[in-house]
Amino acid sequence: MAAFALTGGHRVHKKEAHWKRMGAAVVSGLLLTAAFPKVGFDYLAWVALVPLLAAIDGTRLKAAFRIGFAFGLVHYLSLVYWVVGTMQTYGHLPLVLAFPILFLFAAYLALYPALFSVAMARISARPALIWPAAAVFWTAQEFLRARLFTGFPWELLGYSQFERVGLIQVADFSGVYGVTFLVALVNGALYSLWLAAAGEGADPKAARRRAAAALTVAALAVGAGWLYGSIRIEAVDASTASADTARITLVQGNIAQEIKWDRNFQFQTTGKYAVLSVSAAGQNPDLVVWPETAAPFYFPFHAELTRIVLDAVEKTGGADFLIGSPSYREKQGRLSYYNSAYLISSDGAVQDRYDKVHLVPFGEYVPFKRYLPFLGKIVEHVGDFEAGPMGKILAWKTHRLGVLICYESIFPQLSRAQALAGADLLVNITNDAWYGRSSAPFQHFSMAVFRAVENRRCLARAANTGISGFIDPAGRVTEASGLFTDAVMTRTVPLLDEAALYTRYGDVFAYLCLAAAPLLLLVAGRRARRLEI
């Protein structure tokens, strides 16, 4: 079964075989990156892991680790390349430092597919288990990446399918991990077919039977997912038709990051958001939403700038406002700072405030600051932000808002906690100006789609420079803005309060995959070949 060991019937040199495997890993990593925005060839996700699986097959554990690490390094370098531009432009780091930091970050993320590769190499002696193991192991390693060391679940495999509305409905009971599992399962089945076609193994007939079984199960699983999706979309649309509604206005001020925190531009920035908001008065909004830190001052402590905001509230006529602003409070004789969202009623009174829970390391605070005093953070602010309480919702009239600030939208447990607490509308406010015209704003938006599906809530997203938009409870993007344009978008949205299975039970599916992984290794180990470590 060592697919890379033979060429034209002759055994190739060991080093040449090694580089062929590494080449396959590199191709696999690039194919997977191309499945995500901005490239967006989502169909590539269904085959992207096949070269990696072929490269791992028949290797020892050390070699499998290296191959998986090479795959991960190439994939994450090409996926989150935009980190360099952010650090250089706004962190004021020279390229000579920004590139090594990106490399170290990608190297950390690459450890997860490296562990996947080791597990697959361990199980390769049991061909019948390869294709289900690929789905279980891949899902398990993604779940670990999403949770360990504060987590970084950026563009998990399932997110590549965010536009396949019929398929992603399974997320209302499995989360994004259910979609990941289906895509990885198909990859495993296609690899089984490739093995059979290549005539690998001592029993070609058995290989063909295994491939047929794998393809059948994968096709049935995906087909069942689509069928479930069509049923759920119809049910969700029926619930939406009879639900309470609200008119939501999203304001995209398109303020350049270079001037956002410049004191000389505070009045100009706040005034622009005020003017754009008042322009929506004729649309009769119930709620006007400004992006993350759209008010670049301490609301309501700066009297003149606060007056501009409150004048806009008054002139918009009957609409409440949700605005992003930094905040602080005194605790035990010192000031604590927060990245916040204020809910302001139409009469100008502050109703409540949400404080961001999941802060960005080195963006909003410096981890291990005691030991890394030479490192600063990117957000221009007098001190580190602190985290607010998880699951807090804002009471709005007879409804409740679940607010997600910036990349909180990529952490399913945060929106789930809010929906569980009674939020009937999710609002994501963000400032993606950091990322310019790179793929990051598109990637960020794609993940928000799943928060709507998982919890069966409409999600309204206001971004300083885009992408702003509305996502319905079935995950359909009903309206979206462009990048680096002024935008005022008003839409009537449904307010649902039913609790989806995912909302009630969370990541049970992912935990099952995590538990199944060692069991598969145990079963395979009984007849596995002795591998040198």
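The values are calculated or read from the model by the stated rules, or taken from the named source; none is laboratory data. Source: prediction; values computed, not measured. Neighbour counts run over all protein chains shown; Cβ positions are idealised from the backbone, glycine included. Surface accessibility is based on the protein's heavy atoms, side chains included, excluding ligands, DNA and RNA. Shrake-Rupley method; radii C 1.70, N 1.55, O 1.52, S 1.80 Å.
Between R60 and K397, the FRET efficiency estimated from the beta carbon spacing at R0 = 56 angstrom works out to 0.30. Available extension along the chain between F41 and S239 is 68.0 nm, counting 0.36 nm per residue and deducting the alpha carbon span. Taking the Cα atoms only, what angle lies between the long axis of helix 508-525 and the longest principal axis of the chain, rounded to 10 degrees? Value to nearest ten degrees: 20. For the chain, the longest principal axis of the C-alpha atoms and the axis of helix 303-316 are separated by about 90°.
I'd like the antiparallel share, as a percent to the nearest 5, of DSSP beta bridges with both residues in the chain. Walk me through the intermediate numbers first.
Details: 36 of 54 bridges.
Counting only bridges with both partners in the chain, antiparallel ones make up about 65 percent.
Taking only protein heavy atoms and a 1.4 Å probe, what accessible area per residue, in Å², does the chain have with all protein chains in place? Don't skip to the answer; put the middle values down first.
On the way: 21530 Å² over 533 residues.
Value for the chain: 40 Å² per residue.
Taking chymotrypsin sites (Phe, Trp or Tyr not before Pro) as exposed when DSSP calls them loop and at most 14 other C-beta atoms lie within 10 angstrom, the chain has its longest site-free stretch at 42-300. From the largest down, the chain spans 80, 56, 41 angstrom on the principal axes of its Cα atoms.
Dividing the summed -39500 (n - 2.57) terms of all DSSP H runs of n ≥ 4 by the residue count of the chain sets its mean residue ellipticity at 222 nm at -15500 deg cm²/dmol. The base-10 log of I(q)/I(0) for region 444-483, evaluated at q = 0.15, 0.27, 0.29, 0.34 Å⁻¹, reads -0.28, -0.82, -0.92, -1.15 [Debye formula, identical scatterers on Cα atoms, solvent excluded].
Apply the a/c threshold of 1.5 to the C-alpha gyration tensor of region 102-169 and tell me whether it is rounded, prolate or oblate.
On the way: a/c = 2.38, a/b = 1.10, b/c = 2.15.
Judged from the Cα gyration tensor, region 102-169 comes out oblate (a/c at least 1.5, b/c at or above a/b).
Straight-line cross-link reach from K15 at under 17 Å between alpha-carbon atoms covers these aspartates and glutamates, not counting any fewer than eight positions away in the same chain: D57.
For R400, nonlocal amide neighbours, meaning residues 5 or more places apart or on other chains whose placed amide H falls under 5 Å from its own, are D424, L425.
What the phi angles of region 162-173 give under the Karplus curve with 6.51, -1.76 and 1.60, with θ = phi - 60°, is a coupling list of 4, 8, 8, 4, x, 7, 6, 5, 4, 5, 6, 10 Hz, glycine and proline written as x. Multiplying each eigenvalue of the alpha-carbon gyration tensor of region 1-157 by 5 and taking the square root yields semi-axes of 29, 18, 14 Å, largest first, rounded to whole angstroms. The value of relative contact order for the chain, using C-alpha pairs under 8 Å at least six residues apart, is 17 percent. Estimate the FRET efficiency between S345 and Y505 by the formula 1/(1 + (r/R0)^6), using the beta-carbon distance for r and 45 Å for R0, to the nearest 0.05. The calculated FRET efficiency here is 0.80.
For the chain, the longest principal axis of the Cα atoms and the long axis of helix 204-241 meet at an angle of about 20 degrees.
For each pair in K38/K62; K38/K356; K62/K356; K38/K392, compute the distance between the two Cα atoms and list the pairs where it is over 31 Å. Before the final figure, lay out the partial values.
On the way: K38/K62 34 Å; K38/K356 28 Å; K62/K356 42 Å; K38/K392 33 Å.
The pairs that break the limit, which is 31 Å between Cα atoms, are K38/K62; K62/K356; K38/K392.
In this calculation the C-beta distance from V96 to T150 is compared with R0 = 41 Å, giving a FRET efficiency of 0.90.
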